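Structure record follows, encoded as structure tokens.
Coordinate-derived values only; no laboratory data. Bear in mind that the values here come from a model prediction, so they are computed numbers and not experimental data. Heads up, the Cβs are rebuilt from the backbone with ideal geometry, glycines too, and the neighbour counts pull from every protein chain shown.
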Amino acid sequence: MPIQIVTGWRDLSPEHRRAAAAVGAFDGVHRGHQAVIEAARDAATRLAAPLAVVSFEPHPRRWFQPEAAPFRLMTTDQMARALEDQGVDRLHILPFDAEMAAMSDEAFARDVLAAGLGLKHAAVGFDFTYGKGRTGSPEALARIGRDLGFSVSVTDRVDDQSGLKLSSSAVREALAAGDMARAARILGRPFAIEGEVVHGDKRGRTIGVPTANVRMGDYMRPAYGVFATRTRLPDGRLIEGVANLGVRPMFETPEPLLEVWLFDFTGDLYGQIVETELVERLRGEMRFDGLDALKVQIDADAQAARAALTTRA
């Protein structure tokens, strides 16, 4: 069954309550998050309850730091698909607004988790904080939960066997370094950007490399450059390609764009939603003397991308 998405926490119908839920931001749904979800799954099995995830929109960091640089690792739609792949039955999206930001830790547990969502169990990570001033801790939630009628499990920090830290901040560090393989190891899948295909300056068409252009929005900006890619189209096809992410030093764009040349593809994607995996960073952005030099480099990039995608099947 497809995952249910439930927004809000007030006046929920009975079928949208009484879950065993992993609670947190879960930006990225990386392997560390998946360990928390696994603890919720164990509780759901034990309590014969639906398996849910409770997250927030906007991300609390965006609420408290509205001027912060873009940092998100996925959209809500991507989160829902990633959670569905994990076997999650329901995604609760809670509005992180002035009311939520002002709640004490006890009020959040009492009014939202217990009274609103009616949770049977809350699974959280070792570093989970909640309530105004982030005063709530996992230990405090376990204590409050006992009084309110729900159990709590706390998942310890999980690292890769090689010692790689599994966290959203570690994903961002890898992306900033252009290390897509490390980011994928933490996430459990390649980092991917999803968005609507928009009109660009159509300069690529003049040299035989039409691109599907997607705005970056609030996505974390990986190190700018050229990437080997795989793009999932609305019809489900996965098309290999090569992309420039950045501002193009030779023909600067007013905002960072992901510009993907889809290999062996013809068709009109304008206005459609596509998701592009950044499989490997091939090089940084470069400035060229003219279109001929640019075209030579694009051909070389395409060859490099095809080779990289063959080794990362």
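Computed from Cα atoms, the angle from the helix 31-47 axis to the main principal axis of the chain rounds to 40 degrees. In a reduced charge model with +1 at each Lys and Arg Cβ and -1 at each Asp and Glu Cβ, region 136-249 shows a dipole moment near 400 debye about its Cα centre. Remark: the chain carries a charge dipole of roughly 440 debye about the Cα centre, counting +1 on each Lys and Arg Cβ and -1 on each Asp and Glu Cβ. Normalised by the number of residues in the chain, the average gap of Cα pairs under 8 Å and 6 or more apart makes the relative contact order 17 percent. Between the amide H of Glu240 and those of Thr231, Phe263, distances stay under 5 Å, these residues lying 5 or more places away or on another chain, with hydrogens modeled in the peptide plane. Against the chain, whose longest principal axis is taken from its Cα atoms, helix 138-148 shows a tilt of about 50°.
Relative to the longest principal axis of the Cα atoms of the chain, the long axis of helix 76-85 lies at roughly 70 degrees.
So between Asp159 and Gln272, what do we pick up on full extension, going 0.36 nm a residue minus the alpha carbon distance? That works out to 36.9 nm of additional length. Cα convex hull, region 112-179: 122 Å³ per residue, rounded to a whole number.
The trypsin sites (Lys or Arg not before Pro) found in region 6-71 that occupy coil by DSSP, while having at most 14 further C-beta atoms within 10 Å, are Arg10.
Listed peptides 288-300, 218-230, 187-199 appear in the order 218-230, 187-199, 288-300 once ranked by packing, highest mean of other Cβ atoms within 10 Å at the front.
When DSSP beta bridges are restricted to pairs lying wholly in region 1-146, around 5% turn out antiparallel.
Karplus-based coupling profile of region 167-176, in residue order and whole Hz: 8, 5, 5, 5, 4, 5, 4, 5, 5, 4, with θ = phi - 60° in 6.51 cos²θ - 1.76 cosθ + 1.60 and x standing for Gly or Pro. Dipole magnitude for region 46-179: about 220 debye, using +1 per Lys or Arg Cβ and -1 per Asp or Glu Cβ, origin at the Cα centre. For the peptides 255-262, 274-281, the ranking by packing is 274-281, 255-262, with the highest mean count of neighbouring Cβ atoms within 10 Å listed first. With a simple spin-label model that places each label point 7 Å from the Cα along the Cα-to-Cβ direction, the separation between Ala98 and Leu148 comes to 2.4 nm. Could you tell me which of rounded, prolate or oblate describes region 62-142, using a ≥ b ≥ c as the square roots of the eigenvalues of the alpha-carbon gyration tensor, with rounded for a/c under 1.5 and, failing that, prolate when a/b is larger than b/c and oblate otherwise? Oblate.
Working ranking of peptides 157-163, 94-100, 113-119, 49-55 by packing, defined as the average number of other Cβ atoms within 10 Å per residue, highest first, is 49-55, 113-119, 94-100, 157-163. Inter-label distance, Leu291 to Ala69: 3.4 nm, where each label sits 7 Å from its Cα along the C-beta direction.
Model label sites at Ala304 and Ala48, defined 7 Å from Cα along the beta-carbon direction, differ in position by 5.9 nm.
Look at the dipole of region 1-160 built from charges on Cβ: of Ser13, Met74, Trp63, the Cα furthest out on the positive end belongs to Ser13.
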